[in-house]
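K.L.:
Quick one: the structure is below, questions incoming.
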Amino acid sequence: MRLDGKVAIVTGAGSGNGRGIAVGLAAAGAAVCAADIVLASAQETAAIIAANDGRALAVGVDVTDRASVESMTEAVLREFGRLDVLVNN
């Protein structure tokens, strides 16, 4: 399945299954927002994606805080102009 031109947010993307999902979506062609409560972990995932010629944005987010989630969404829309996939991990 190809996801060229699609944009995805993956929460919990800083490690484990979330990181695997984010990297997999990027490998399928999606631009990915790697979101995690620990920004440095999200940045590591984004770096892995970028090292494999993918497009990624790292965002620190607390999914229990509405304002934090809204800020993440706004950042994705600014960076990529759309949102197609949301993986709440």
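The values are calculated or read from the model by the stated rules, or taken from the named source; none is laboratory data. Note that this is a predicted model, so its numbers are computed, not measured. Because the Cβ atoms are built from the backbone with ideal geometry, glycine has one as well, and the counts that use them run over all protein chains shown.
K.L.:
Go through segment 44-81 residue by residue and tally those that are in contact with a strand residue (DSSP E or B) (Cβ under 7 Å, 6 or more places away or on another chain) and surrounded by fewer than 17 Cβ atoms within 10 Å (Cβ to Cβ).
P.N.:
4
K.L.:
Still on this structure: Grab the strands (runs of 3 or more DSSP E) fully contained in the chain, keeping just those with 3 or more residues being hydrophobic (A, V, I, L, M, F, W, C) and in contact (Cβ under 8 Å) with a residue 40 or more places away in the chain.
P.N.:
The qualifying strands (runs of 3 or more DSSP E) are 7-11, 85-87.
K.L.:
Report yes if Ala13 is surrounded by 15 or more Cβ atoms within 10 Å (Cβ to Cβ), at pLDDT 95 or above and not basic (Lys, Arg), otherwise no.
P.N.:
Here the answer is yes, as Ala13 does meet what is asked.
K.L.:
Give me a count of the residues in segment 26-51 that are over 9 Å from the mean Cα position of the chain (by Cα) and within 17 Å of Thr73 (Cβ to Cβ).
P.N.:
3
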